[in-house]
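Laboratory data are not the source of any read-out in this text; all were calculated from the coordinates shown. All of these numbers come straight from a predicted model, not from anything done at the bench. Counting neighbours? That spans all protein chains shown, and the Cβs are built from the backbone with ideal geometry, glycine included.
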There are 2 protein chains.
Amino acid sequence: MARYSPSIQRLITELGSLPGIGGKAAQRLAFHIIDMPQEKADMLTDAIVTARKSTKRCSCCHNFTDSDPCQICSDNTRDRSTLLVVESPRDVSTFERTHEYKGLYHVLHGVFDPLRNKSLEDTTITQLIKRLSESSEIKEVIIATNQSAEGNATALYISRLLAPSGIRVTRLAQGLPMGSDIEFADDLTLLSALNGRITLNG
Amino acid sequence: MARYSPSIQRLITELGSLPGIGGKAAQRLAFHIIDMPQEKADMLTDAIVTARKSTKRCSCCHNFTDSDPCQICSDNTRDRSTLLVVESPRDVSTFERTHEYKGLYHVLHGVFDPLRNKSLEDTTITQLIKRLSESSEIKEVIIATNQSAEGNATALYISRLLAPSGIRVTRLAQGLPMGSDIEFADDLTLLSALNGRITLNG
């Protein structure tokens with residue numbers, strides 16, 4: 001016989017197709033969801049539907065938002081001369097958590113990744129160039145794509161596109177993470193930490 | 001400012017309240033769900049609603065099922081003299097996976113757990129006793145609750161309730177798991193393996 005009834009099996013399959021949810025976790029979640037009070041289950045499905053319905057991309061920075069322009073873009077206290085370019089909306093919240101960065105953002109929604117059939121057109125690079133050409137306020141673009149081959153290629157590509165504009169383009173520093181042991185650092189990280197060494201005595 | 005828009009925050013909270021989903025995983029899932037094609041999102045919410053709507057408890061074994069009685073209870077090829085008592089519906093599928101057990105099941109939906117405010121009335125123990133008193137076919141009850149203090153207490157309680165009935169009550173063997181090293185076994189497991197030792201030569 002089938003191990004589960006069809007509707008349970010279907011729920012397990014759907015949950016198992018979500019990122020980071022394996023077979024066992026999907027089973028556990030499915031049985032939990034079936035056993036939940038009706039009220040809690042309604043809250044879950046409603047949260048999914050509402051979040052999808054009310055979330056759109058900010059027409060300025062392309063971050064996910066309920067209102068357009070988003071809270072950050074419409075915040076007049078923020079520094080409008082700096083633009084931080086990130087791969088995904090989650091990266092925005094990571095930077096916001098530091099409470100240090102006060103400038104604006106631009107969300108690429110991906111990077112140049114030919115192996116996964118992601119071309120530059122799948123990102124918002126064109127919109128970034130357009131945004132920079134229309135704004136005279138932005139003086140520096142900080143590229144904060146991930147430290148991967150694709151992230152680095154995208155950073156390089158953007159910096160070349162912006163070369164004629166005269167806008168300063170920077171990239172996050174590579175080096176040893178805080179609290180790390182040199183003994184366990186990989187070669188590339190060690191090399192970048194060595195090349196990017198800073199002077200301590202003036 | 002808030003780190004996420006209200007609807008995204010609400011989705012993260014709902015997902016984070018599911019078992020085994022931590023803060024980071026909830027964020028990751030929320031952004032994945034918001035970015036999914038509409039069709040996939042509809043399939044997910046529909047799977048949740050359908051599974052909850054069409055899943056009921058089998059009136060005989062109390063396992064989750066689409067049809068009542070369930071596939072196992074209505075399967076005439078199964079051995080109706082043996083009843084395996086488990087804590088949760090997931091345990092049924094675990095035993096079915098072995099393809100060895102051919103008898104029937106009874107799902108308790110919990111164990112006696114006073115620390116978590118779970119009394120015996122929250123389980124289907126009463127229904128189990130009623131089922132056994134009404135059936136003359138069942139000759140053996142195998143108690144397969146977990147090897148926890150609560151699982152053992154529940155097993156003992158059921159065996160006492162069934163003592164007058166003359167039905168044979170057994171419990172799954174305790175001992176060393178297959179492939180384990182004696183060096184790393186805990187004391188209780190080692191002790192139960194020693195006490196439950198079996199004769200090899202006749």
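Numbers below:
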{"quantity": "Over segment A:57-171: Rg over Rh, Cα atoms, Kirkwood Rh", "calculated": "0.94"}
{"quantity": "Residue-averaged beta-carbon neighbours from other chains (10 angstrom radius) around A:89-97", "calculated": "3"}
{"quantity": "Karplus-derived HN-Hα couplings along segment B:169-186 (A = 6.51, B = -1.76, C = 1.60, θ = phi - 60°), whole Hz, x at Gly and Pro", "calculated": "10, 10, 10, 4, 5, 9, x, 7, x, 4, x, 8, 8, 4, 3, 9, 6, 7"}
{"quantity": "Reciprocal mean inverse distance between Cα atoms of the protein assembly as shown - Kirkwood radius, Å", "calculated": "26.1 Å"}
{"quantity": "Residue B:142 long-range amide H proximity, modeled H, under 5 Å", "calculated": "B:83, B:84, B:85, B:170"}
{"quantity": "DSSP beta bridges in segment A:57-171 [antiparallel fraction, %, rounded to 5]", "calculated": "15 percent"}
{"quantity": "Dipole axis of segment B:58-171 (+1 Lys, Arg; -1 Asp, Glu on Cβ), positive-most option in B:166, B:83, B:145", "calculated": "B:166"}
{"quantity": "Axis-nearest residue in chain B [Cβ, rotation onto A], distance in whole Å", "calculated": "B:45, 2"}
{"quantity": "For chain A, average projected area of the Cα convex hull in nm²", "calculated": "17.9 nm²"}
{"quantity": "Positive-pole candidate from B:27, B:55, B:69, dipole of segment B:1-99, charges at beta carbon", "calculated": "B:27"}
{"quantity": "Residue-by-residue Karplus 3J(HN,Hα) for segment A:133-142, coefficients 6.51, -1.76, 1.60, Hz, glycine and proline x", "calculated": "6, 8, 9, 9, 7, 6, 9, 9, 10, 9"}
{"quantity": "Distances in nm from residue A:126 to the matching label points in the other copies, shortest first (labels 7 Å along Cα to Cβ)", "calculated": "6.8"}
{"quantity": "Inter-copy spacing of residue B:38 label points, which lie 7 Å from Cα along Cα→Cβ, given in nm from shortest upward", "calculated": "2.9"}
{"quantity": "Dipole magnitude of the protein assembly as shown, debye to nearest 20 (Cβ charges: Lys/Arg +1, Asp/Glu -1, about Cα centre)", "calculated": "480 debye"}
{"quantity": "Shielding of A:10-23 by partner chains, average beta-carbon count, 10 Å", "calculated": "5"}
{"quantity": "Whole-number Å³ per residue for the convex hull built on Cα positions in segment A:21-83", "calculated": "134 Å³"}
{"quantity": "Dipole of segment B:44-202, positive direction: furthest Cα of B:189, B:101, B:175, with charges on the beta-carbon", "calculated": "B:101"}
{"quantity": "Other-copy label distances relative to residue B:95, 7 angstrom Cα-Cβ extension, nm", "calculated": "5.7"}
